[in-house]
Amino acid sequence: MPTYKFTVNDQPVSVDAPPGMAVLWVLRDKLGITGPKYGCGVNACKACTCLTNGVAVTTCSQRVSDIQGKKITTIEGLANGDTLHPVQQAWLDIDVPQCGFCQPGQIMATVDLLRRTRNKPTDADIDAIENMCRCGTYGRIRQAIKAAAAAMS
Ligand code: FES
Ligand code: FES
């Protein structure tokens, strides 16, 4: 079985895995990193969203052979020590989650959105986020994205 080397949350890792194994399962089952969630496995719900070299990717549809040498960031790697990332802080301040299942993916998608929009997302930009929330927290997510954008501007 091939060995893949990459970083997760700035820690170098080396994993033996079949080339087609989804990064989601590498993270969860081989590395014990359970922030990224399994919802659909077919790139529809986005609950598994993490960052690859800073770009949001659905890890259920990303193969481990595609991340050799790359930098993976999960929700576990966003905070700086005891200081939450501004997006996490906005989520807490606005009390966004209901069941919480989709929220790591929502937060990671937001981090990427704020990077792409330089902290000035329009409502249309926010509408373009495809992460699903079965609890319907979309209104609070929108508020939190705007609060995080203001904090980061
Ligand atoms: S589990 Fe990856 S998109 Fe649904
Ligand atoms: S908070 Fe329950 S699915 Fe989004």
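Every number in this text was worked out from the coordinates using simple rules, so none of it is lab data. Keep in mind it's a predicted model, so treat the numbers as computed, not measured. Neighbour counts are summed over all protein chains in view; Cβ atoms, including those assigned to glycine, are modelled from backbone coordinates with ideal geometry.
Here are some notes:
- Mean residue ellipticity, 222 nm, helices only, the chain: the sum of -39500 (n - 2.57) across DSSP H runs of n ≥ 4, divided by residue count and rounded to 500, is -8500 deg cm²/dmol.
- Segment 89-153-segment 1-56 distance, computed between alpha-carbon centres (Å): 22
- Given +1 at the Cβ of Lys and Arg, -1 at the Cβ of Asp and Glu and no other charges, the dipole of the chain around its Cα centre is 220 debye to the nearest 20.
- Karplus-derived 3J(HN,Hα), 6.51/-1.76/1.60, for each residue of segment 86-98, Hz, glycine and proline x: x, 5, 4, 5, 4, 4, 5, 4, 8, 6, 5, x, 9
- Between helix 103-116 and the chain: long-axis angle, C-alpha atoms, 0 to 90°, nearest 10: 80
- Bridging of LYS30 to lysines at a Cα separation below 26 Å is possible for LYS5, LYS46, LYS70, LYS71, once same-chain residues fewer than 8 apart are set aside.
- Where Rh is the Kirkwood radius over Cα pairs, Rg/Rh for segment 3-75: 0.91
- In order along segment 135-147, the phi-based Karplus estimate (6.51 cos²θ - 1.76 cosθ + 1.60, θ = phi - 60°) of 3J(HN,Hα) comes to 7, x, 8, 4, x, 6, 4, 4, 4, 5, 4, 5, 5 Hz; Gly and Pro are listed as x.
- In segment 67-153, the chymotrypsin sites (Phe, Trp or Tyr not before Pro) that fall in loop regions by DSSP, at most 11 other Cβ within 10 Å: none
- Using C-alpha pairs below 8 Å separated by at least 6 residues, the relative contact order for the chain is 24 percent.
- Across the options ALA144, THR122, LEU92, the greatest Cα extent toward the positive end of the charge dipole of segment 86-152 (unit charges at beta carbon of Lys, Arg, Asp, Glu) belongs to THR122.
- Qualifying aspartates and glutamates (Cα of each under 13 Å from Cα of LYS120; at least 8 residues distant if same chain): ASP112
- Ranked by the mean number of other Cβ atoms within 10 Å of their residues, highest first, the peptides 45-51, 3-9 fall in the order 45-51, 3-9.
- Annotation: Cα Rg of segment 76-153 relative to the compact-globule expectation 2.2 N^0.38 Å equals 1.00.
- Kirkwood hydrodynamic radius (C-alpha pairs) into Stokes-Einstein, the chain, 37 °C and 0.692 mPa s, D in µm²/s: 210
- Computed over segment 3-75: relative contact order in percent, which uses C-alpha pairs under 8 Å that are six or more apart: 40
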